[in-house]
Every structure is written in structure tokens, then in C-alpha cells.
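Below: one structure, written as C-alpha cells.
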Amino acid sequence: MTYDVEQIRRDFPILERKVRGRPLVYLDNAATTQKPRQVIDALVHYYEHYNANIHRGLHTLAEEATAAYEGARVKAGRFINAAAPEQEIIFTRNTTESLNLVANAWGRKFLEPGDEILFTAMEHHSNLVPWQMIALETGAKVRYIEIDDDGRLIGDDVRAKINERTKVVAITQMSNVLGTINPVREIAELAHRAGAIVVVDGAQSVPHMPVDVRELGCDFLAFSSHKMLGPTGVGVLYGTREALDAMDPFLGGGEMIKRVTYERSTYADLPNKFEAGTPNIADVIAFGAAIDYLEALGMEAVREHEIAITQYAIDRLSAMDGVKVYGPREAADKGGAVTFNYRDIHPHDLSQVLDQYAVAIRAGHHCAQPLMRRLDAVATARASFYLYNRHDEVDALIEGIRASDRIFGNVVRAGA
Ligand SMILES: Cc1ncc(COP(=O)(O)O)c(C=O)c1O
């Protein structure tokens, strides 16, 4: 069930790039992934051959563009095994907008003072701040599930905090910092028994492992095209028909209406009700090409490849004196993000040294400031892998870290 990584890499023009005379080692995939030629071509092909506004036009180009756009919707729905892709997939700008859509459209209608919104200690700001905002507006209260020192949710805390006041359980399926994969299905069962809806942040999980919304039993799932080989500017909100039907529109304008008078309007059926205005047609279509690419490889194979390279990275980093790795140590329990600190070298400094070696990683709080405090870290370094990464790129990372020790180690310790 594996694939030929060398052959895959040839599809990604950017991977031929040199940085400071060395071959690029791109290990910042949790932030955004690189794009294969097939996706870039789909974008160019659209603009060169059938650029037109969708839905409204009756000419050939408009019909072709509409068919391709709606085709991408069906592909996205099938990719996560939605029961009704034509209605249950809403295109947004990104995961952040998808989560804001739910928080606003569902939250404003159904949350009341005293209701509880439960998220986890490892949420990205985009599955945390929108809930805080809607809680302020509605009088609901936010709570969070604690994690243990390995970066896993504490089961007792899950059971203790889901209760009859819980109305929303908002949970990431895969942490962008720790890589932890959360037991969403079990949590969704508990949440539903308590009468809460389940909103899943799939920004890191959907690109890296098979995800089946019906098996998870979630009400909503959000993810971004740009983290799964597709263009920026496209997000997906999956919602069950029942959940989406119950919500009022988030934005008003063209495309989302049935009938408009000066006094009032009626709204379009799903999914148009939530897609006001001209959408990001070209990028949605190219996102469809990204899904085709992933499906041709097979998500099981992608996951298998990432487990192997992630375990190699964890093992090599853990074997280094002075490296602290955060999160689960077994790659089979986590995604391809490995977060660490090295001695007392600030991750920003480390990242800059690594850049001298053409190794791109991320350093900072990773949009998870509360989690950083829980980990007792000001910031961390993160190497994150994808389907085109090779083991020798992990070796380049290790070499770069060693070099940073030579450059900074003495200075930092002398000043300490
Ligand atoms: C877990 C998680 N949630 C949400 C987001 C936000 O995604 P976007 O910036 O595409 O909206 C990210 C991006 O890093 C993420 O890793």
C-alpha cells in the first residue's frame, strides 16, 4: 500500500527549488502544503478555457464552470463519506471561516445563558476564539477538557465535563501542535447522549488520514484546501442536512436567496443558503484536482507513509541530547507534526539557523497560546511532514539542529 515517493516528488515543481544553494527541505506542512502540477494546471486551465460566473449564466462557459464547481463539491463530500455531498458541503474561505460560520449561525440561534460550550486544551485559536465570542454574545459559558503530560485528552475530564448543560462540543481531530489524534467518535457519542452538537476541526486530520464523517458521527467538520495540496482561499464546512437546515444564513446577498422583496427574503436551499456572493470558483475547481490526486494515492497509503517518517523523526530527535519532544511518542497515535524545543535556544533562532540549511520549519505558538502555557513553553519548534517528505529530510533537520548548537549554544549558555 505504499507509493514511490521519488515519483510523487516529480509532480511538485517547488520541490526542485534551492534555498541558499541547497535543496529545499520543506517541513512546514501543517501550516500549508505544496501543490502538485495537476492542481496548478487545473487552475490555469480554468482561467484559459472556461472562466465564467457560476449558477447564473446560461452560456457554455457558465455551464462548464458550474459543472466543475459542483463536481468539486461532490468530490469533497465523497472524500469524507458525506451522505449527501450536494447539500452537506459548504465552500468557505478556510477552516477558520467554516468554524466561525457554525459558531455564529448555530450558536446565535440556539445558545442561551447558562449553556456550556466545551472545547479542548489543545484547540487552535480558530476553534476557540469564535466560541468565546459567541459565548459573550449569548451568555453561554466556555469550558475545556484538560490534557495529560503526553498531550492526550484526560478521559475522566471528558466524562465529567459533558453534562446536560453542554450544547456544543468543539474538538480538533488532530492537534496541529502535539499531533494527538483525539477519540472523536467516542466523544461524539457522549455529547449526543447529553444533547450537544459536535463540531470537529479537521484542518489537520482530513489531509493526512482517512476521515469518515458518518463513522465519526459528527454534526459538523471543517477543513482547508491549502493544507491538502489544494489552493489557498477554499475551506469546507461539512454539516449534516439536519444541522444545516436548522440554521439561518450567516451572510446575506446574491446566490443565497429564493425570493426577495423590499421588505423580506426567503432563502435558497442547501448548500446555496450558506454561499452568498460569487465564490472562489477557480480555486474550488483546483481543490477538486487535489482531492483526485489524494484519492489516486489512497489516504491509507498517505497515512502509512507519514507514520513511518514521523516515527523516524521522533526517534532521531528524542535520541539527541537537549531535545524535548512534546505530545505522544508513538507515531501511530498521532499525525505528522513533531513539536520540540532544543536546549535553551529560542525556536525562532533555531528556525533561522535551519533556514540557512534550507530546512523550513515553524516556530512560535502555532495559534495555540493557551496550549503553550499548559506545556509551560513560550514557543516551540515544529517539523511537520506530508506525503512527499523523505527520511533524508529528517536527517537534514537533525544536521541543522546540530549546527544551531554550534552557532547559538555557547552564546546562549554564556549569557544564561
Ligand atoms: C488544527 C487547526 N485548526 C484550524 C486551522 C486554521 O486553518 P486556516 O488557517 O486554513 O483557517 C489550522 C491551521 O493551521 C489548524 O492547524
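The values are calculated or read from the model by the stated rules, or taken from the named source; none is laboratory data. Because the structure is predicted, anything quoted here is derived from the model rather than measured. Cβ: placed from backbone, ideal geometry, glycine included. Neighbour counts: every protein chain shown.
Between a first residue in region 323-334 that is surrounded by fewer than 14 Cβ atoms within 10 Å (Cβ to Cβ) and a second residue that is assigned to a loop (DSSP other than H, G, I, E, B), which pairs have beta carbons less than 7 Å apart while being 6 or more apart in sequence or on different chains? Within 7 Å, no pair qualifies.
No other residue among ILE291, ILE314, ILE285, ILE309 is at pLDDT 95 or above and in contact with a His (Cβ under 8 Å, 6 or more places away or on another chain) apart from ILE309. Checking each residue in region 229-264 for being buried (at least 24 other Cβ atoms within 10 Å of the Cβ) and within 13 Å of the ligand (Cβ to nearest atom) picks out GLY230, VAL234, GLY235, VAL236, LEU237.
Can you tell me which residue within region 281-325, out of those that are among the hydroxyl-bearing types (Ser, Thr, Tyr) and under 22 Å from the mean Cα position of the chain (by Cα), is farthest from ALA337 (Cα to Cα)? Show your work before the answer.
Applying the first criterion (among the hydroxyl-bearing types (Ser, Thr, Tyr)) to region 281-325 yields 293, 310, 312, 318.
Keeping just the survivors that are under 22 Å from the mean Cα position of the chain (by Cα) gives 293, 310.
Working: TYR293: 22, THR310: 7 Å.
Taking the candidates together, the pick is TYR293.
Being over 22 Å from PHE274 (Cα atoms) and surrounded by fewer than 24 Cβ atoms within 10 Å (Cβ to Cβ) is a property that holds for THR60.
Here VAL199 meets the list (1) under 20 Å from the mean Cα position of the chain (by Cα); (2) buried (at least 19 other Cβ atoms within 10 Å of the Cβ); (3) away from the ligand (no atom under 16 Å from the Cβ) almost entirely, failing just condition (3). Each residue in region 1-54 was checked for being assigned to a loop (DSSP other than H, G, I, E, B), under 18 Å from ALA383 (Cβ atoms) and among the hydroxyl-bearing types (Ser, Thr, Tyr), and 2 pass.
For region 81-115, taking the residues that are of a type in the set (S, T, N, Q) and surrounded by fewer than 21 Cβ atoms within 10 Å (Cβ to Cβ), the one that is nearest to the ligand (Cβ to nearest atom) is identified as ASN104. Annotation: GLU275 fulfils all but one of (1) charged (D, E, K, R); (2) over 23 Å from PRO36 (Cα atoms); (3) surrounded by fewer than 16 Cβ atoms within 10 Å (Cβ to Cβ); the unmet one is (3). Scanning region 18-57 for residues that are among the basic types (Lys, Arg), within 29 Å of THR95 (Cα to Cα) and at pLDDT 95 or above yields LYS35, ARG37. What about ALA377, is it surrounded by fewer than 21 Cβ atoms within 10 Å (Cβ to Cβ) and closer than 14 Å to GLY151 by Cβ? So ALA377 fits the description; yes. Residues that are within 11 Å of the ligand (Cβ to nearest atom) and of a type in the set (S, T, N, Q) were ranked within region 121-133; the one that is surrounded by the most Cβ atoms within 10 Å (Cβ to Cβ) is ASN127.
Restricting attention to region 326-337, the residues that are part of a strand (DSSP E or B) and either over 21 Å from the mean Cα position of the chain (by Cα) or over 19 Å from TYR388 (Cβ atoms) (or both) add up to 2.
Is it the case that some residue within region 182-190 is within 19 Å of HIS366 (Cβ to Cβ) and within 16 Å of the ligand (Cβ to nearest atom)? Within region 182-190 (the criterion being within 19 Å of HIS366 (Cβ to Cβ) and within 16 Å of the ligand (Cβ to nearest atom)), the answer is yes, since at least one residue qualifies.
Find the strands (runs of 3 or more DSSP E) located wholly in region 182-299 whose residues include 2 or more that are not polar (S, T, N, Q), and list them.
The strands (runs of 3 or more DSSP E) meeting that bar are 197-201, 220-224, 235-239, 257-260.
In region 164-181, the qualifying residues are those that are out of contact with any Asp or Glu (no Cβ under 8 Å at 6 or more places or on another chain) and near the ligand (Cβ under 10 Å from one of its atoms), and the one that is nearest to ASP212 (Cα to Cα) is MET174.
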